[in-house]
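A short write-up of the structure that comes next.
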Amino acid sequence: MKRLTPVFYISVVVAALFILWGSIGTEHMMDTLSSLQAAISTQLGWYYMLTASAFVLLSIFLVVSPFGRIRLGKPDERPEYNYFTWFAFLFTAGMGIGLVFWGAAEPLNHYYNPATAEGETSRAAAEALQYSFFHWGFHPWAIYSVVALALAYFGFRHNAPGVVSAAFRPLIGDKADGWIGTLINFIVVFATIFGVATSLGLGTAQVGAGLSQLFPVQNSTTLQLWIIAVVTVIYIASAATGINKGIKILSMANIALAFALLLFVLIVGPTVMSLSAFTQTVGSYLQNLPHMSFRLAAFDDETATSWVNEWTLFYWAWWISWAPFVGTFIARVSRGRTIREFVLGVILAPTAVSALWFATFGTAAMELDNQTGGAIFSLISDPANGEEMALFALLEQYPLATIMTGLSVLLIASFFVTSADSATFVLGMQTTGGRMNPPMSVKAVWGIIQSAAAAILLLAGGLDALQTAAIIAALPFSVIMILMTVSLVKSLIQERKAIDQKEARSRKEMNEELKLLKEEREQLRKERKQLREQEKARKKEEQQQKRKQTTDSKGTNPQNKDGNQNN
């Protein structure tokens, strides 16, 4: 392995120690992580809420400000990928597994245990979709966009290496290449491993649930470990083909399978109700966005506070822990776009798809649950099943249940491979000094480590352990994100100032050229006027001479006549 940085060795050692800890001291590890998670949620909930909302406000500012015209690359550079391929990359890297896992499960959970409304009411149903939109809408994609923008801006605009520490050069100068830079990149790797492990754990649990629906097997820990092992081999093999082959092909396949599943549920399910719910919830989401963005239930009872901690704070932490991975990958595929185009594309398109997804699956799940007397919620509330069964319980009520369940398992597995494949690429970049195409051996190491981390967390405590790891991993990286945005804005201000000065010099030079041209035109006008006057004077003089000659001629003839007479 060539060009490995200290970040690689430090990160591998720490990850190996964590895996070893989880293997021989599972209970102690979970007790420690749970204590940390409880302290973070209780003491720093306000910090997560303010941080996530600040990133949304920053994204809006970047869109409407003059910075939006700056291109991520050379001034005349154009995007490497078309819009459809770009959106496919965004969608599959950013949320694929999570949408499939929570599409039916989250609204159904909120319907029975809403944030503020009374459970199992029409208001609870409306609030269930509203908060699902909120958790998967502007905030997560604003978090992703800030990290991705900083990396793309410094990488493509200033030719900086593709590591997060390179974005800190405007703040700390050459220290970004020293131990501070190493620490920054280690935190990035740490957050990426556990953020991705959370998603891989969710995907594994749901694939196991799907297989138990299709075949006479139990969704046991043993089955889930086999799933992780098989998928690990697949995505390491995919990682060997690079972005333009493996990841691109899988992303296109994911989009096709996801939209096929979405259209199926939309058509065979309560179509009109789903579309009406989508339209209504978009309005309520936008209307209540400021309130939801800062709601901590500070004056409510413990139940309300726990709801915010278990849902909103978990999501904000999960998105932050995913930000280094998703942000690096989005930056890698976004060269040539303007900042305005980049931010709008990263935030609006995926948010719209997520909203339609939750409106479709959430509405269908709540409607069928009501029709079956709460059977679906009872199923997923059973610890033996869990939220991973929500999608399959929904599909079981529709025609072609077996086929659609198989399609769903294939989709989840494909998302699993794409996310893990992208993560190995990103981890490889961060630990090889920002190489755009990390060595296959490095990607294989990280593929094995992140799968092992997901397996350890599943063994330790299932979904609760995965959520705990995400919240803890997000805290140090959130500080990195804040400092990164400061560095980005500082550099943008400096560049905008330089651009303004250059434009001012250009305008001054242009004005001077115009002034000189005006003076030349004025001089030319004077010369032409002088020539016309000279020509006019010459003609006048000629006319005078002609008249004089005529007069002289007339005066000479009589005298000659008188002289002849005298003779």
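Observations on the structure shown:
- Every residue from region 22-37 that is open to solvent by 50 Å² or more (accessible area, probe 1.4 Å) and either under 29 Å from the mean Cα position of the chain (by Cα) or at pLDDT 90 or above (or both): LEU36
- Region 332-373 - residue that is polar (S, T, N, Q) and under 16 Å from the mean Cα position of the chain (by Cα) and, of those, surrounded by the fewest Cβ atoms within 10 Å (Cβ to Cβ): THR338
- Selection status of PHE84, touching a Leu at 6+ places or on another chain (Cβ under 9 Å) and more than 25 Å from SER378 (Cβ to Cβ): no
- When region 259-273 is filtered for residues that are closer than 19 Å to PHE101 by Cβ, open to solvent by 30 Å² or more (accessible area, probe 1.4 Å) and either free of Cβ contacts under 8 Å to residues at least 60 places away in the same chain or outside any helix (DSSP H, G or I) (or both), only PHE259 remains.
- Test: residue in region 143-157 that is more than 25 Å from PHE294 (Cβ to Cβ) and β-branched (Val, Ile, Thr): no
- A Cβ distance below 6 Å, combined with a sequence gap of six or more or placement on separate chains, defines the contacts here; from region 373-389, residues that are free of Cβ contacts under 8 Å to residues at least 24 places away in the same chain and under 16 Å from TRP102 (Cα atoms) reach residues that are in a helix (DSSP H, G or I) and of a type in the set (A, V, I, L, M, F, W, C) in the pairs LEU379/MET389; LEU379/ALA393.
- Every pair of residues 6+ apart whose Cβ atoms lie under 6 Å, when the first sits in region 1-28 and is among the polar types (S, T, N, Q) while the second is assigned to a helix (DSSP H, G or I): SER11/PHE186; SER11/VAL189; THR26/ALA460
- In region 175-202, the residues that are closer than 14 Å to TRP318 by Cβ and aromatic (Phe, Trp, Tyr): PHE194
- Within region 38-48, the set of residues being open to solvent by 20 Å² or more (accessible area, probe 1.4 Å), modelled with pLDDT of 85 or more and in a helix (DSSP H, G or I) comprises ALA39, GLN43, TRP46, TYR47.
- Exactly one residue out of THR271, THR281, THR204 is under 30 Å from TRP446 (Cβ atoms) and of a type in the set (Val, Ile, Thr), and it is THR204.
- Exactly one residue out of LEU458, LEU427, LEU394 is open to solvent by less than 10 Å² (accessible area, probe 1.4 Å), closer than 30 Å to ALA16 by Cβ and not hydroxyl-bearing (Ser, Thr, Tyr): that is LEU427.
- The lone criterion from (1) under 26 Å from PHE415 (Cα atoms); (2) at pLDDT 90 or above; (3) open to solvent by less than 10 Å² (accessible area, probe 1.4 Å); (4) not acidic (Asp, Glu) left unmet by THR192 is number (2).
Here is a yes/no grid of residues against (1) within 30 Å of TRP226 (Cβ to Cβ); (2) open to solvent by less than 90 Å² (accessible area, probe 1.4 Å); (3) among the hydrophobic types (A, V, I, L, M, F, W, C):
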residue: PHE477; (1), (2), (3): no, yes, yes
residue: ILE480; (1), (2), (3): no, yes, yes
residue: SER506; (1), (2), (3): no, yes, no
residue: GLU509; (1), (2), (3): no, no, no
residue: GLU520; (1), (2), (3): no, no, no
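- Selection of helices (runs of 4 or more DSSP H) fully inside region 325-405 by the criterion of at least 1 residues being touching a Ser or Thr at 6+ places or on another chain (Cβ under 7 Å), at pLDDT 95 or above and under 21 Å from PHE134 (Cβ atoms) returns 339-371.
- Taken over region 279-305, the residue count meeting the criterion of being at pLDDT 90 or above, closer than 20 Å to ASN113 by Cβ, assigned to a helix (DSSP H, G or I) and open to solvent by 30 Å² or more (accessible area, probe 1.4 Å) is 2.
- The residues of region 142-189 that are of a type in the set (D, E, K, R) and free of Cβ contacts under 8 Å to residues at least 12 places away in the same chain, listed by number, are ASP174, LYS175.
- Residue match in region 177-189 (condition: part of a loop (DSSP other than H, G, I, E, B) and of a type in the set (Gly, Ala, Ser)): yes
- For THR51, the test of being modelled with pLDDT of 90 or more, among the hydroxyl-bearing types (Ser, Thr, Tyr) and in a helix (DSSP H, G or I) is passed.
The values are calculated or read from the model by the stated rules, or taken from the named source; none is laboratory data. Just so it is clear, the structure is predicted and the values come from calculations on it, not from any experiment. Virtual Cβ from ideal backbone geometry, glycine too; neighbours counted across all protein chains shown. Each accessible area value is taken on the protein alone, full model and side chains, heavy atoms only, with ligands, DNA and RNA left out. Shrake-Rupley method; radii C 1.70, N 1.55, O 1.52, S 1.80 Å.
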